[in-house]
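S.K.: Got a structure for you, questions after.
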Amino acid sequence: MKMKVTLIVAVLCLGLTSGFAQTQEECTTKLSIFHEYVKAKNYDAAYTPWMEVRKACPKFNKAIYIDGFKILDHKIDNSAAAEKKGFIEDKMKLLDEEYANFPKRSSEGELLSDKGQLMYDNKAELGLSDLEIYNTFDKAFTADKKNFKNPKGLYTYFSLMVDLYDAKEKTAQDLFNKYDDVVERVDEEVANYSADLNKLIEKEEAGTALTSKESKYKKYYESYLNAYDQISGSIDGKLGERANCENLIPLYEKDFEAHKTDAVWLQRAAGKMSDKDCTSDPLFFKLVNAYHNLNPSANSAYYLGILKDKENKTSEAIKYYEQALSLETDSYKKAKLYSKIADKLKRSHSYSKARSYYREALKLNPSNGRPHLQIASMYAASANSCGDSNFNKRAVFWLAANEASNAGRVDPTLKSHASQSAASYRAKAPQKSDIFSEGNAGKTISIGCWIGLSVTVPNL
C-alpha cells in the first residue's frame with residue numbers, strides 16, 4: 001500500500017515538474033518574441049505574447065514590466081475613447097503587479113505617485129476629480145515621502161492643491177502648508193544630488209579626469225538638478241499672488257496665538273514672510289522673536305539679522321548673520337545662508353564683503369553657479385570705478401565674463417544664462433582693434449579698488 005501511495009505521489013510530482021518546465025519554456029519563448037517586437041517598436045504585434053507571459057509567469061522576468069509599460073503606452077496613445085480607458089486602467093493594474101512581483105524595482109511612494117500622475121494625465125478619460133487624484137498623491141507623500149521624489153509628480157501634486165484652493169475645497173493654510181512641504185522635499189533632493197555632483201566637480205577642479213562611469217553619473221545628477229530647478233520655478237509661479245503680504249499677514253496674525261509654541265509653524269511663517277518681503281510688518285518681528293526664544297537656530301538668527309537690517313543697524317545685522325552661520329551645521333544649508341547674506345550685502349553695494357560670502361558659498365556647494373554670476377555682475381557694475389584708463393576700465397568686463405563662464409561650467413541649470421551673460425560682458429570688453437591700438441596684447445593688467453585682481457589681455 002505504501003509503495004502504491006509513493007508511486008502515485010512520484011507520478012504527480014513528475015507531472016507538476018514537467019508542467020512547470022513546459023510553462024517556463026513557453027514563457028521563455030514568448031518573452032523572446034515580444035521583446036524582439038518591442039525592440040522593433042512593433043507594439044501591436046508584441047501585445048498578445050506579452051499578455052500570455054504576463055498571465056502565466058508574472059514573476060518570470062522584469063522585462064514583462066519594462067516592455068509592458070511601453071506596449072500599454074502605445075495602446076493608450078493609439079486607441080479610441082472606450083478602449084483607451086481600458087488600457088489606462090490596465091496600466092494602473094500593471095503598476096500594482098510590478099510592485100507585488102518585483103518589489104525592489106519600485107516603492108510605495110513611487111507606485112502611488114506614478115498612479116497619481118497617470119490619473120492626472122488621463123483625468124477626462126477616467127472621469128476623476130482633482131480631489132481624488134490629489135488624495136492619491138497625498139497618500140504617496142504621507143506614507144513614503146522619501147521615495148516620492150519624481151520632479152513632475154511633485155509639481156502635479158502641488159498644482160492640484162492650488163486648483164483645489166481656487167475651487168474653495170482647500171484653505172489658505174492648507175495651501176501654504178503644502179507649498180512648504182513640497183519645497184522642502186525638492187530642496188532635500190537638490191541637496192542630495194548637489195552633494196554627489198560636488199564630489200565629481202571637485203575631482204575635475206583638482207585636474208583629475210572622470211572615469212566613463214563617473215561621467216555618466218555626472219550627466220544623471222545634472223539632469224535631475226535641471227528638472228528640480230524647472231519645477232521650483234513652476235511651483236513658485238503656480239503659487240503666484242496667492243501668497244502675497246495681503247493674504248499672509250491676516251492669516252498668520254489670526255493663527256499666531258494657537259501656534260506661538262510650535263517651532264515648525266513659526267519658522268515656516270517667518271520664512272514665508274521673509275521670502276515675500278513682508279518683513280516691515282510688526283507681525284514679522286513677533287514671529288521671529290517667538291521663534292528665536294523657543295528654538296534658537298540658524299534660521300531664527302538670520303531672521304533677527306533681517307530685522308536689524310530693516311532698522312539700518314548693519315553691524316548688528318552682520319553679527320546675527322554670523323551667528324546664523326555658526327549655528328548651521330549642514331553644508332548645503334550653510335551655503336544657502338552665505339548666498340542670502342551676500343545678496344543683502346550686494347544690494348547695499350558692500351561688494352568686497354559680498355564676494356567673500358559668495359566665495360564661502362561656493363566652497364560649500366561648488367555645483368551652484370549662482371554666486372559666480374553675482375560676483376560677475378558686481379565686477380561689471382564696478383568697471384567705471386576700478387580702472388585708471390578707459391581701456392583698463394573696460395578690461396574689468398573680461399573678469400566678469402570669466403566669472404560668468406565659471407557659473408555655466410559648474411552648474412547645469414545655468415549653462416544658457418551664463419553663456420549669454422559671458423557673451424554680453426565680452427562685448428563690452430576691449431575688442432581686437434582696441435588691443436591693437438594699445439599695443440598691449442598678452443600683457444597683464446592690475447585691476448584696483450575692491451576687486452584687487454589682474455587680467456591678461458588676449459593675444460591678437
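Just so you know, all these numbers are worked out from the coordinates, no wet-lab data involved. None of these values were measured; they are calculated from a predicted model. Don't worry about glycine lacking a Cβ; one is built from the backbone with ideal geometry, like all the others, and counts go over all protein chains shown.
S.K.: Using the Cα atoms of region 360-460, I'd like the radius of gyration and the largest Cα-Cα distance, Dmax, both in angstrom.
M.R.: 13.8, 43
S.K.: Next up: Mind sorting 432, 139, 168 by how few other Cβ atoms lie within 10 Å of their own Cβ, fewest first?
M.R.: Details: 432 10, 139 17, 168 7.
Ranking 432, 139, 168 by Cβ neighbours within 10 Å, fewest first, gives 168, 432, 139.
S.K.: With r defined as the distance between the Cβ atoms of residue 69 and residue 206 and R0 fixed at 45 Å, what FRET efficiency is calculated, to the nearest 0.05? Each step should come with its number before you reach the end.
M.R.: On the way: r = 42 Å, r/R0 = 0.93.
That pair, residue 69 with residue 206, gives E of 0.60.
S.K.: Name the GluC sites (Glu not before Pro) in region 284-354 that are in a loop by DSSP and that have at most 16 other C-beta atoms within 10 Å, would you? Write out the running numbers ahead of the final one.
M.R.: Values: sites: 311, 316, 322, 328; in loops: 311, 328.
Answer in residue order: 311.
S.K.: If you don't mind, there's one more thing I want to ask. Which angle between 0 and 90 degrees, to the nearest 10, do you get for helix 314-327 versus the longest principal axis of the chain when only C-alpha atoms count?
M.R.: 30 degrees
S.K.: Another question, if that's okay. Would you mind pulling out the separation of the Cα centroids of region 255-314 and region 138-214, in Å?
M.R.: Between the Cα centre of region 255-314 and that of region 138-214, the gap is 25 Å.
S.K.: Ranked by Cβ crowding within 10 angstrom, fewest neighbours first, how are 349, 35, 372 ordered? Please report the intermediate quantities before stating the final value.
M.R.: Values: 349 11, 35 19, 372 27.
Exposure proxy ranking, most exposed first: 349, 35, 372.
S.K.: Which of the three applies to region 244-327, rounded, prolate or oblate, going by the alpha-carbon gyration tensor with a ≥ b ≥ c and a/c under 1.5 meaning rounded?
M.R.: On the way: a/c = 2.27, a/b = 1.38, b/c = 1.64.
It is oblate, given that a/c is not under 1.5 and a/b is not larger than b/c.
S.K.: I've got another one for you. First select every other residue whose beta carbon is under 12 angstrom from the beta carbon of residue 183; then total the charges, Lys and Arg +1, Asp and Glu -1.
M.R.: Working: positive: 178, 185, 238, 268, 272; negative: 180, 181, 184, 187, 188, 189, 236, 275.
So the surrounding residues net to -3.
S.K.: Straight distance only, please: which lysines reach the Cα of residue 346 with their own Cα at less than 21 Å, same-chain residues fewer than 8 apart left out?
M.R.: 276, 308, 310, 313, 319, 333, 334, 336, 363, 393
S.K.: Between residue 285 and residue 213, how many nm apart are label points set 7 Å from Cα along the C-beta direction?
M.R.: Taking the simple label geometry, residue 285 and residue 213 are separated by 5.9 nm.
S.K.: Continuing with the same structure: Between region 365-416 and region 34-57, what is the separation of their alpha carbon centroids in Å?
M.R.: Here the two parts' Cα centres lie 55 Å apart.
S.K.: Residue 453's amide H: which non-local residues (gap 5+, or another chain) put their own amide H closer than 5 Å, with H modeled 1.01 Å from N in plane and none for Pro or chain starts?
M.R.: 447
S.K.: For the chain, find the longest principal axis of its Cα atoms and tell me its angle to the long axis of helix 212-239, 0 to 90°, nearest 10.
M.R.: The helix 212-239 is inclined about 80 degrees to the chain.
S.K.: Please report the equivalent ellipsoid semi-axes of region 158-306, computed as sqrt(5 x eigenvalue) of the Cα gyration tensor, largest first, in whole Å.
M.R.: Numbers: eigenvalues 256, 85, 26 Å².
Semi-axis lengths for region 158-306 are 36, 21, 11 Å.
S.K.: What are the principal axis extents of the Cα atoms in the chain, in Å, biggest first?
M.R.: 109, 66, 51
S.K.: While we're looking at this one, here's another question. Local charge sum around residue 101 (other residues, Cβ-Cβ under 11 Å, Lys/Arg +1, Asp/Glu -1)?
M.R.: Details: positive: 54, 59, 62, 104, 105; negative: 96, 97, 98.
Result for the local shell: +2.
S.K.: Would you mind ranking 453, 266 so that the residue whose beta carbon has the fewest other beta carbons within 10 Å leads the list? Write out the running numbers ahead of the final one.
M.R.: Details: 453 13, 266 27.
Fewest-to-most Cβ neighbours within 10 Å comes out as 453, 266.
S.K.: Using r as the Cβ-Cβ distance of residue 163 and residue 295, and R0 as 30 Å, what FRET efficiency do you calculate, to the nearest 0.05? Before the final figure, lay out each step's value.
M.R.: Details: r = 34 Å, r/R0 = 1.14.
According to the calculation, E is roughly 0.30.
S.K.: Related question: Quick check on my link table: of 115/340; 93/218; 149/219; 145/218; 55/85; 344/432, which ones sit more than 27 Å apart, alpha carbon to alpha carbon? Display every interim value, and only then the final one.
M.R.: Numbers: 115/340 38 Å; 93/218 35 Å; 149/219 18 Å; 145/218 25 Å; 55/85 20 Å; 344/432 37 Å.
Too far apart for the 27 Å limit: 115/340; 93/218; 344/432.
S.K.: Between the helical axis of 2-39 and the dominant principal axis of the chain, each derived from Cα atoms, what acute angle in degrees is found, rounded to the nearest 10?
M.R.: 50 degrees
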